[in-house]
Amino acid sequence: MNSLEPSISTEVPASDVMLQMISGFWVSRAIHAAAKLGIADYLKEQPKTVEELAAITDTHVPSLYRLLRALASVGIFAEDDHHRFGLTPLAATLQTDVPGSMRFFAISQLGQEHYLSPSRSAVSPLYGSVRELL
């Protein structure tokens, strides 16, 4: 193997590895949205339905459901048979008042405003979201 070639497993097709890398952006943006909405804080006491969470966060029910399902698919949040969402160990790190909380780090580092120069608007028509604020 050439020393300039990255080492990737020959068991996983390169297209699968690339897809995982590309989708990492989507996961990061979903984590940002959940952190900004404070979803983990609302689930601290017990699981809630997406309708309950949408009412609390003033968000669109179907859009919030897609967000939570996406995060549940990677182990952040869990959905039960009654379509209630609850915390997982990963989701718990997005709570505000827990030791080692990652909530504000996720908000500050994963928001699009973090990557914009001062001369560019922090509002982009390319980023539709659960709520305009995101």
If I go through the stretch 46-103 residue by residue, how many of them are outside any strand (DSSP E or B), in contact with an Asp or Glu (Cβ under 9 Å, 6 or more places away or on another chain) and charged (D, E, K, R)? 3
Can you tell me which condition Leu90 does not meet? The list is (1) under 20 Å from Met102 (Cβ atoms); (2) in contact with a Phe, Trp or Tyr (Cβ under 9 Å, 6 or more places away or on another chain); (3) open to solvent by less than 20 Å² (accessible area, probe 1.4 Å), and all the others hold. (3)
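Which of the residues that make up the stretch 43-83 are within 26 Å of Asp97 (Cβ to Cβ) and open to solvent by 90 Å² or more (accessible area, probe 1.4 Å)?
Residues of the stretch 43-83 that are within 26 Å of Asp97 (Cβ to Cβ), as a first pass: 43-59, 64, 67-68, 70-72, 74-80.
Of everything in the stretch 43-83, those that are within 26 Å of Asp97 (Cβ to Cβ) and open to solvent by 90 Å² or more (accessible area, probe 1.4 Å) turn out to be Lys44, Glu45, Gln46, Glu51, Asp58.
The values are calculated or read from the model by the stated rules, or taken from the named source; none is laboratory data. Everything quoted here is computed from the prediction, not taken from an experiment. Note that each Cβ is placed from the backbone with ideal geometry, even for glycine, and that neighbours are counted across all protein chains shown. Please note that ligands, DNA and RNA were not included when accessible areas were found on the heavy atoms of the full protein model with its side chains. Shrake-Rupley method; radii C 1.70, N 1.55, O 1.52, S 1.80 Å.
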